[in-house]
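Each remark here refers to the structure printed beneath this line.
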Amino acid sequence: MKKALVIGAAGFVGSYLIRHLHNDLGYQVSATKLPQEVLSEIPADVYDLNILDKDAITELLFRLRPDYIFHLAAQSSVSVAWKNPCLTVDVNIKGAINLMDAIRELFYKPRVVIIGSGEEYGHIRSGETPIKEENRLDPGNIYAATKACQNMIGSIYSKAYDMELIMVRAFNHIGPGQSSIFVVSDFCRQVAEIEKGLREPKMYVGNLSAQRDFTDVRDVVRAYALLAAKGQQGETYNVGSGKAREIRQILQMIIEQSSAAIEVEVDPAKIRPVDVPIIEADITKLHQETQWLPEIPLEQTIKEVLNYWRDYIEKEAKG
């Protein structure tokens, strides 16, 4: 039986990846979280781990000896990165280096998937969309800069130390259970609260003209698992739907699923200091090497996220 380790599993993607690895692929799964985080009702052995503690990472890897490692641990919010760049640098760069150094000390070579972001590409020039992996990087925010650095260091380690590292640039992924600091979940939560009478029938939004590439998280974790098995050492792969959607269109799709009469108002606090107009993935490389394609329609995902927040608010109301 193959053994997989998911590092940083308490985040949004972790539980989805664990269930896919165990339930669909039959892997024996271990997972890590921070001591203050909660990770329950998942088919995995759970360990507390701070990726800023390199010795702790080394000890855990020697004990578990996983065949596959998925590095999800990150400070992944763009807005938080603007407010706390030092934390973002520590977690996203120093944490990744600690993991890579710990892996170097093993007496075997696990396959490692290191998760980056489509935000690394930054400001896209005319004619560069959809974005290929070899496109130049021009990060437009602190979070993106740290992920670009992580990717570059991963590529260097893979070549210099013959490590089986596969780098991913994941574009926006969404689904039930995602924090409302992210745009689709934020919109759905606001609509659910309006329906319940918990707020006035007015939605506060940021930049609606930006175009982003959204993929259901369940499709995303399928791609991660396929890359762990079939991805080429030292290579970087885009993971996305291959189709950008304007945030305004996403908002309209959400509002149309509600019977409430809702007004929309721009909130200056939700406007990022720098925003990239369009981000859209070219997923040709991923498809050619793994045959992966997204399967879950955006409309279905949005409906499920909205229903998640409706259920969440209903449970909160009942105490």
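The values are calculated or read from the model by the stated rules, or taken from the named source; none is laboratory data. The shown structure was predicted, so the numbers you read here are calculated from the model rather than taken from an experiment. When we count neighbours, we look across all protein chains shown, and the Cβ atoms used for this are built from the backbone with ideal geometry, even at glycine. These area figures cover heavy atoms from the full protein model, side chains too; ligands, DNA and RNA do not enter into them. Shrake-Rupley method; radii C 1.70, N 1.55, O 1.52, S 1.80 Å.
Which condition from (1) without any contact (Cβ under 8 Å) to a residue 24 or more places away in the chain; (2) open to solvent by 10 Å² or more (accessible area, probe 1.4 Å) is the one that Q190 breaks?
(2) is the only condition that Q190 fails.
Regarding segment 300-316, can at least one residue be identified that is over 27 Å from N141 (Cα atoms), touching a His at 6+ places or on another chain (Cβ under 8 Å) and open to solvent by 70 Å² or more (accessible area, probe 1.4 Å)?
Within segment 300-316, not a single residue is over 27 Å from N141 (Cα atoms), touching a His at 6+ places or on another chain (Cβ under 8 Å) and open to solvent by 70 Å² or more (accessible area, probe 1.4 Å).
Could you give me the residue pairs with C-beta distances under 9 Å whose first residue belongs to segment 71-83 and is farther than 25 Å from D101 by Cα, whose second residue is acidic (D, E) and crowded, with 16+ Cβ neighbours inside 10 Å wherever it lies, and which are 6+ apart or on separate chains?
Matching pairs, first to second residue: V78/E119.
Of all residues in segment 1-40, count the ones that are touching a strand residue (DSSP E or B) at 6+ places or on another chain (Cβ under 8 Å), open to solvent by 70 Å² or more (accessible area, probe 1.4 Å) and in a helix (DSSP H, G or I).
Here the count works out to 1.
Sort out which residues of segment 105-121 are modelled with pLDDT of 95 or more, of a type outside the set (V, I, T) and either touching a Phe, Trp or Tyr at 6+ places or on another chain (Cβ under 7 Å) or assigned to a helix (DSSP H, G or I) (or both), and write them in order of number.
Result: P110, R111.
Suppose the filter is touching a His at 6+ places or on another chain (Cβ under 9 Å), open to solvent by less than 70 Å² (accessible area, probe 1.4 Å) and in a helix (DSSP H, G or I); does A96 pass it?
Here the answer is yes, as A96 does meet what is asked.
May I ask you to list the residues in segment 127-146 that are assigned to a helix (DSSP H, G or I) and touching a residue at least 60 places away in the same chain (Cβ under 8 Å)?
I142, Y143, A144, T146
Taking the condition open to solvent by 50 Å² or more (accessible area, probe 1.4 Å), within 30 Å of I302 (Cα to Cα) and modelled with pLDDT under 95, does G197 pass?
Yes; evaluated as a whole, the condition is true for this residue.
Quick one: what pairs do we get from segment 274-291, first residue more than 13 Å from D138 (Cα to Cα), second exposed (fewer than 14 other Cβ atoms within 10 Å of the Cβ) and at pLDDT 95 or above, C-beta under 7 Å, 6+ apart or different chains?
Matching pairs, first to second residue: H287/L293; E289/Q232.
Would you check which residues across segment 219-251 are without any contact (Cβ under 8 Å) to a residue 60 or more places away in the chain and surrounded by 14 or more Cβ atoms within 10 Å (Cβ to Cβ) and list them?
K243, R245, E246, R248
Report yes if L21 is within 16 Å of the chain's Cα centre (by Cα), aliphatic (A, V, I, L, M), at pLDDT 95 or above and farther than 15 Å from G95 by Cα, otherwise no.
Spelling it out, it is not the case that L21 is within 16 Å of the chain's Cα centre (by Cα), aliphatic (A, V, I, L, M), at pLDDT 95 or above and farther than 15 Å from G95 by Cα.
For segment 184-193, indicate whether the set of residues that are more than 24 Å from F70 (Cα to Cα) and in contact with a Pro (Cβ under 7 Å, 6 or more places away or on another chain) is non-empty.
no
Can you name the condition, by its number, that Q232 falls short on among (1) within 24 Å of T129 (Cβ to Cβ); (2) out of contact with any Ser or Thr (no Cβ under 9 Å at 6 or more places or on another chain)?
Every listed condition holds for Q232 apart from (1).
On the basis of being surrounded by fewer than 17 Cβ atoms within 10 Å (Cβ to Cβ), of a type outside the set (A, V, I, L, M) and on the phi > 0 side of the Ramachandran plot, does Q291 make the cut?
So Q291 fits the description; yes.
For the condition assigned to a helix (DSSP H, G or I), among the charged types (D, E, K, R) and under 21 Å from the mean Cα position of the chain (by Cα), what is the one hit in E316, E299, E295?
Of the residues listed, the single one that is assigned to a helix (DSSP H, G or I), among the charged types (D, E, K, R) and under 21 Å from the mean Cα position of the chain (by Cα) is E299.
Give the residue that is nearest to L165 (Cα to Cα), with candidates limited to residues of segment 41-70 that are open to solvent by 20 Å² or more (accessible area, probe 1.4 Å) and among the aromatic types (F, W, Y).
Y68
Given S209, S126, S117, S185, which one is under 28 Å from K83 (Cα atoms) and open to solvent by 50 Å² or more (accessible area, probe 1.4 Å)?
S209
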